[in-house]
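The values are calculated or read from the model by the stated rules, or taken from the named source; none is laboratory data. Note that this is a predicted model, so its numbers are computed, not measured. Glycine also receives a Cβ, built like all others from the backbone with ideal geometry; neighbour counts cover every protein chain displayed.
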Amino acid sequence: MQLALLLAAYLLGSIPFAVVVSRLFGMADPRSYGSGNPGATNVLRSGNKLAAILTLLGDGFKGWLAVFLAARFGPELGLPDSAAPIAALAAFLGHLFPVFLGFKGGKGVATAAGVLLGASGWLGLATLGVWLGVAVTTRYSSLAALCAAVASPGIAFLLGLAPAWILSISIMSGLLVWRHTDNIKRLLSGQESRIGSKKKDA
């Protein structure tokens with residue numbers, strides 16, 4: 001049963017909303033322009049803000065839904081308390097390595113945000129606050145994501161979340177930092193684009 005939960009959460013996380021929304025809007029595949037990343041930031045480069053917002057909401061929703069379903073039905077199915085954080089990690093991995101896109105997915109920021117909101121509303125809001133503070137101050141989306149990712153395990157600990165959640169969030173945080181390796185290099189060299197720019201990968 002736990003394996004079925006992992007598979008279901010992974011498949012849910014694998015849904016590529018950037019590609020789905022772009023097709024519905026008759027737009028080019030987001031993997032064919034900009035950074036080539038199937039995520040909301042790259043969809044925004046198309047100039048279609050609604051498509052980018054829907055992508056952001058979709059990617060966040062699937063992370064939240066995986067946690068909600070595991071937490072809601074896990075006890076009834078006899079699954080341990082760790083079912084929700086395990087499902088959260090599986091959905092996040094689904095976004096990073098989606099089976100529907102040949103295991104080449106996005107960076108996971110929106111999906112991680114959805115997961116955090118599912119784990120704890122206060123955790124999600126606090127982490128979002130970190131992202132917004134850095135994004136508004138520096139206008140670097142990547143830097144904001146990195147700061148939020150690094151802060152999230154500590155916030156989870158301060159809020160008293162279960163060890164399984166702290167471990168799951170820590171793994172996601174590490175993966176997020178890893179997925180932003182190129183952004184880190186550009187930030188250090190002063191070549192990273194700011195929010196609103198269409199030339200470089202944010």
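From L117, L161, L143, which residue is crowded, with 16+ Cβ neighbours inside 10 Å, in contact with a helix residue (DSSP H, G or I) (Cβ under 9 Å, 6 or more places away or on another chain) and not in a helix (DSSP H, G or I)?
L161
Is it the case that G78 is buried (at least 21 other Cβ atoms within 10 Å of the Cβ) and either touching a residue at least 40 places away in the same chain (Cβ under 8 Å) or touching a helix residue (DSSP H, G or I) at 6+ places or on another chain (Cβ under 9 Å) (or both)?
For G78, the condition - buried (at least 21 other Cβ atoms within 10 Å of the Cβ) and either touching a residue at least 40 places away in the same chain (Cβ under 8 Å) or touching a helix residue (DSSP H, G or I) at 6+ places or on another chain (Cβ under 9 Å) (or both) - is not met.
Residues G108, G74: which one is closer than 28 Å to A151 by Cβ, modelled with pLDDT under 95 and over 19 Å from the mean Cα position of the chain (by Cα)?
Working: G108 fails: over 19 Å from the mean Cα position of the chain (by Cα).
Within the list G108, G74, the selection yields G74.
Would you check if there is a residue in segment 29-38 being surrounded by fewer than 20 Cβ atoms within 10 Å (Cβ to Cβ), in contact with an Asp or Glu (Cβ under 6 Å, 6 or more places away or on another chain) and closer than 30 Å to E192 by Cα?
yes
Before we move on, is W122 in a helix (DSSP H, G or I) and without any contact (Cβ under 8 Å) to a residue 60 or more places away in the chain? Lay out the reasoning, then the answer.
Working: in a helix (DSSP H, G or I): yes; without any contact (Cβ under 8 Å) to a residue 60 or more places away in the chain: yes.
When the stated conditions are applied, W122 passes them.
Count, please, the residues in segment 40-61 that happen to be under 17 Å from F100 (Cα atoms) and either surrounded by fewer than 21 Cβ atoms within 10 Å (Cβ to Cβ) or touching an Asp or Glu at 6+ places or on another chain (Cβ under 7 Å) (or both).
Count: 1.
Tell me which of these A149 doesn't satisfy, since it passes every other one: (1) over 28 Å from S193 (Cβ atoms); (2) without any contact (Cβ under 8 Å) to a residue 60 or more places away in the chain; (3) not charged (D, E, K, R).
(1)
Does A149 satisfy the criteria of being within 29 Å of N48 (Cβ to Cβ) and in contact with a Leu (Cβ under 6 Å, 6 or more places away or on another chain)?
yes
Identify, by number, the condition in (1) over 22 Å from V43 (Cβ atoms); (2) free of Cβ contacts under 8 Å to residues at least 24 places away in the same chain that I171 doesn't meet.
The failed condition is (2).
Scan segment 8-23 for residues that are out of contact with any Gly (no Cβ under 9 Å at 6 or more places or on another chain) and either in contact (Cβ under 8 Å) with a residue 24 or more places away in the chain or closer than 10 Å to A87 by Cβ (or both) and jot them down.
The answer is A8, V19, S22.
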